[in-house]
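The values are calculated or read from the model by the stated rules, or taken from the named source; none is laboratory data. Quick caveat, the model's predicted, so the values are computed rather than measured. FYI the Cβ positions are ideal-geometry reconstructions off the backbone, even for glycines, and counts take in every protein chain you see. In case anyone asks, the SASA skips ligands and DNA or RNA and just uses the protein heavy atoms, side chains included. Shrake-Rupley method; radii C 1.70, N 1.55, O 1.52, S 1.80 Å.
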Amino acid sequence: MFNIEKIREDFPILKREVHGKPLVYFDNGATSQTPQIVIDAIVDYYSNYNANIHRGVHTLSQEATDKYEEARIKIQKHFNAKNSYEIILTAGTTHSINIVASGYASILKKGDEILVSALEHHSNIVPWQMLCEKVGAILKVIPMENDGSLNMETYHGLLNSQTKLVFCNHVSNALGTINPIKEIIDAAHKVGAKVLVDGAQACPHIKPDVQELDVDYYVASAHKMCGPTGVGLLYGKEELLNLLPPYQGGGEMIETVTFEKTTYAGLPHKFEAGTPNICGGIAFGVAIDYMNAIGFDEIAKQEEELLAYGTKELEKIEGLKIYGTSHKTSVISFNIEGVHPYDVGTILDKLGIAVRTGHHCAQPIMDYFCIPGTIRASFAFYNTKEEIDQLVNAVKKAQMMLV
Ligand code: 7TS
């Protein structure tokens, strides 16, 4: 059973105060908070079996290797990948996208087309622009509608035999929009294009099934799903990962090295050069276990209630506008007429409330609405309606002070 008091007990940070006020943490879109069980896993690693992996015959190295590979299997099961070696452990979403983008530099040709959604985080725009510059490919944009949804009619019209790659987030971090990725994937496959889905904002709320989606690449970051920073995953279908050249050369990604020729290791090691974030990977597995023990249905239920309540209460404030109203997860991006979002964020912080203000690394969305940014309250399953009441009162206070 979902017990909010018990769940909040799992997160030591939720007990702290900011500027003498109890912390209200509504910046889960930037990073989620960390439960004690994940913190304990990090401490346990450094206290008891800190060693490099895949190389030592000694006990500590073997223990660390076993735990790291166990984490990979937990991640494989969570995302329902066919094979554990299709899960590449990376430094996070940005790193994962760059592995794929740099790999396609040797596959794409001049004139090939790439489609990217208008709702993307900069990390799912800039690497593709860099790729297009390198190979002379053409970047086209799937436009968005006023309610924050993608214009699917235009998407279908943009697809053609020149389309080689399509990039879309599963959920928008700036607006919370849930994109119809199954439709996007199926349509792209019909013209022979491959699809990379950025799941960074989706994975805290939704449990994706990469086989059911038939997605080619799926990426996410641990730190947005109760895990530590600096670790994430790149899922790719085996045959597609095999097509990509390695991203970095170095230790652990080779089979043999001579000065004449080096041969590369198989998956996943080909993409895991150097010493990885060992304890991060292990703690990522623990975070996934933690979230699954609560259950993604329960998580979604709690967050949907928070979203509905927060939307209803914030909408009562005159002069407050919410951006993105289509089918979405628990993100409320808003502005108050006549006030810069940064000023509201500063006052909210003084009242103990953490939100993100600005463009949320999704500047094209802000340009669409002709605004410098928004105030973004992003809720997690450990948030409460009482905290939303505090936010609403604080926004009213900020409005009185600033307007
Ligand atoms: N894609 C999406 C959809 C994201 O939400 C983020 C991080 C990234 C990519 C990049 O992830 P990273 O772990 O590699 O940095 N989003 C945010 C945010 O909304 N506020 O801070 C980070």
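Would you kindly derive the ³J(HN,Hα) couplings of segment 110-127 from the backbone phi angles with the Karplus curve 6.51 cos²θ - 1.76 cosθ + 1.60 (θ = phi - 60°), listing them in order in whole Hz, with x for Gly and Pro?
4, x, 5, 10, 10, 10, 10, 7, 6, 9, 6, 5, 3, 5, 10, 10, 4, x
What FRET efficiency do you get for GLU252 and ASN48 if R0 is 22 Å and r is their Cβ-Cβ distance, rounded to the nearest 0.05?
It comes out at approximately 0.45.
What is the Å³ per residue value for the convex hull set by the Cα atoms of segment 294-400?
Normalising the Cα hull of segment 294-400 by residue number yields 104 Å³.
Within the set of other residues whose C-beta is less than 14 Å from the C-beta of ASP389, count the net charge using Lys and Arg as +1 and Asp and Glu as -1.
Net of charged neighbours comes to +2.
Okay, helix-only estimate at 222 nm for the chain: each DSSP H run of n ≥ 4 adds -39500 (n - 2.57), divide by all residues, round to 500 deg cm²/dmol; what do you get?
-12000 deg cm²/dmol
Highest GNM mean-square fluctuation, the chain, Cα pairs closer than 10 Å: which of ILE365, ILE254, ILE114?
Result for the chain, Cα springs under 10 Å: ILE254 fluctuates most.
Using alpha-carbon pairs under 8 Å, 6+ residues apart, how would you state the relative contact order of segment 39-292 in percent?
Normalised by residue count, the contact order of segment 39-292 is 25 percent.
Please report the equivalent ellipsoid semi-axes of the chain, computed as sqrt(5 x eigenvalue) of the Cα gyration tensor, largest first, in whole Å.
Over the Cα atoms of the chain, the ellipsoid semi-axes are 36, 29, 17 Å.
Along its principal axes, what span do the Cα atoms of segment 290-345 show, with the longest given first and each in whole Å?
44, 20, 17
What is the antiparallel percent of DSSP beta bridges lying wholly in segment 39-292, to the nearest 5?
Roughly 45 percent of the beta bridges in segment 39-292 run antiparallel, per DSSP.
Give me the Å³ per residue figure for the convex hull around the C-alpha atoms of segment 358-403.
Spread over its residues, the Cα hull of segment 358-403 gives 93 Å³ apiece.
Report, by chain and number, residues whose modeled amide H sits under 5 Å from the one on VAL195, excluding near sequence neighbours (fewer than 5 apart, same chain).
Under 5 Å from the amide H of VAL195: VAL166, ASP216, TYR217.
Obtain the radius of gyration and the Kirkwood radius of segment 1-58 from its C-alpha atoms and give Rg over Rh.
Dividing the radius of gyration by the Kirkwood radius yields 1.16.
Given LYS301/LYS321; LYS77/LYS110; LYS134/LYS321; LYS74/LYS182, which pairs have Cα atoms separated by over 29 Å?
Violating the 29 Å limit, Cα to Cα: LYS77/LYS110; LYS134/LYS321.
If we restrict to alpha carbons, what Rg and Dmax does segment 264-317 come to, in Å?
19.5, 60
What Kirkwood Rh does segment 177-288 have if only Cα atoms enter the pairwise 1/r average? Answer in Å.
Result for segment 177-288 stands at 15.8 Å.
Select from segment 306-403 those GluC sites (Glu not before Pro) which occupy a DSSP coil region and have at most 16 other Cβ atoms within 10 Å, ordered by residue number.
GLU318, GLU337
For the chain, what % of the accessible area comes from carbon and sulfur atoms, probe 1.4 Å?
It is 53 percent, rounded to a whole number.
What residue among VAL219, VAL231, VAL43 shows peak mean-square fluctuation when the chain is described by a Gaussian network model with Cα springs under 10 Å?
Highest fluctuation among the options: VAL43.
For segment 1-116, what is Rg from Cα atoms divided by 2.2 N^0.38 Å, rounded to two decimals?
Its radius of gyration relative to the 2.2 N^0.38 Å reference: 1.50.
Using label points projected 7 Å from each Cα along Cα→Cβ, tell me how many nm separate HIS156 and LYS140, to one decimal.
The modelled label-to-label distance comes out at 1.5 nm.
Short version: ³J(HN,Hα) in whole Hz for each residue of segment 258-263, in order, from phi by Karplus 6.51 cos²θ - 1.76 cosθ + 1.60 (θ = phi - 60°), x for Gly and Pro, what are they?
So the J values, rounded to whole Hz, are 9, 5, 7, 7, 10, 10.
Out of GLY92, GLY111, GLY103, any idea which swings most in a Gaussian network model of the chain, alpha carbons joined below 10 Å?
The residue that fluctuates most here is GLY111.
If you take the beta carbon distance between ASN80 and MET400 as r and set R0 to 60 Å, what does 1/(1 + (r/R0)^6) give as a FRET efficiency, to the nearest 0.05?
That pair, ASN80 with MET400, gives E of 0.75.
Whole-Hz ³J(HN,Hα) for each residue in segment 388-401, computed from phi via Karplus 6.51 cos²θ - 1.76 cosθ + 1.60 with θ = phi - 60°, x for glycine and proline: what do you get?
Each residue's phi maps through the Karplus curve to give 5, 4, 5, 4, 4, 5, 5, 5, 4, 4, 4, 4, 5, 6 Hz.
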